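Down below is the structure, laid out as structure tokens.
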Amino acid sequence: MNFISKIFRKISNNFFKGILISAPVIITFYIAWGLIKFFDKKVSPLLGTFPYEIPGFGLITVFIFFAIIGFITTGLLGRIFSTFFEKILSKMPILRNIYSGLKQLFEAILTQKSNSFREVVLIEYPRQGIWAMGFLTGDTKGEVNRKTKNQMV
């Protein structure tokens, strides 16, 4: 291998390492900035005429909104409303699947006391004699429990 090809390979390797390191950071900031602009655009008409623009005000407003919703739903009245809303959604054919999937996803990601992904299990899959490793994410609820007689996790 000659000198020029070694230099080219080193430059090429460094270039791809640079992309590998900086691309996730740049994409994360790009998405965050896009979310800030999106929420600012949605909230600014509600504010009326404001003398100057505050970047991130929409995101702060949305954060406060969700915090208030969380505060309300932790009380008795909020839990009753939440249960009522879930019962209505559980009777709607397509929406119940979307809602339950999203609810499980958000509970697994956002619940602090969750035991999701903390226990490793072995399951016999895809056929007998072959074992696959998985993570215990919680107890099954809803349709899986109705269709099976065994306790499923």
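The values are calculated or read from the model by the stated rules, or taken from the named source; none is laboratory data. Because the structure is a prediction, the values reported are computed rather than measured. Reconstructed Cβ throughout: ideal geometry from the backbone, glycine too, with neighbour counts over all protein chains shown.
Being more than 30 Å from E107 (Cβ to Cβ), touching a helix residue (DSSP H, G or I) at 6+ places or on another chain (Cβ under 8 Å) and assigned by TED's automatic domain parsing to the domain that holds E107, is that true of even one residue in the stretch 55-62? Yes, the stretch 55-62 has at least one match.
Scan I72, I94, I88, I98 and give me the residue that is touching a helix residue (DSSP H, G or I) at 6+ places or on another chain (Cβ under 8 Å) and either polar (S, T, N, Q) or free of Cβ contacts under 8 Å to residues at least 24 places away in the same chain (or both). Before you say what the answer is, go through the steps one by one.
On the way: I94 fails: touching a helix residue (DSSP H, G or I) at 6+ places or on another chain (Cβ under 8 Å); I88 fails: touching a helix residue (DSSP H, G or I) at 6+ places or on another chain (Cβ under 8 Å); I98 fails: touching a helix residue (DSSP H, G or I) at 6+ places or on another chain (Cβ under 8 Å).
So the residue among I72, I94, I88, I98 that is touching a helix residue (DSSP H, G or I) at 6+ places or on another chain (Cβ under 8 Å) and either polar (S, T, N, Q) or free of Cβ contacts under 8 Å to residues at least 24 places away in the same chain (or both) is I72.
Candidates are the residues of the stretch 1-17 that are assigned to a helix (DSSP H, G or I) and of a type in the set (A, V, I, L, M); the one that is surrounded by the fewest Cβ atoms within 10 Å (Cβ to Cβ) is I4.
For the stretch 23-70, which residues satisfy the criterion of being hydroxyl-bearing (S, T, Y) and in a helix (DSSP H, G or I)?
Once the filter is applied, which keeps residues that are hydroxyl-bearing (S, T, Y) and in a helix (DSSP H, G or I), the stretch 23-70 yields T28, Y30, S44, T61.
What do you reckon, is S44 in the same structural domain as F65 (by TED's automatic domain parsing), surrounded by 10 or more Cβ atoms within 10 Å (Cβ to Cβ) and farther than 30 Å from I64 by Cβ? Judged against the criteria, S44 is not a match. In this structure, P24 does not qualify as surrounded by fewer than 10 Cβ atoms within 10 Å (Cβ to Cβ) and not basic (K, R).
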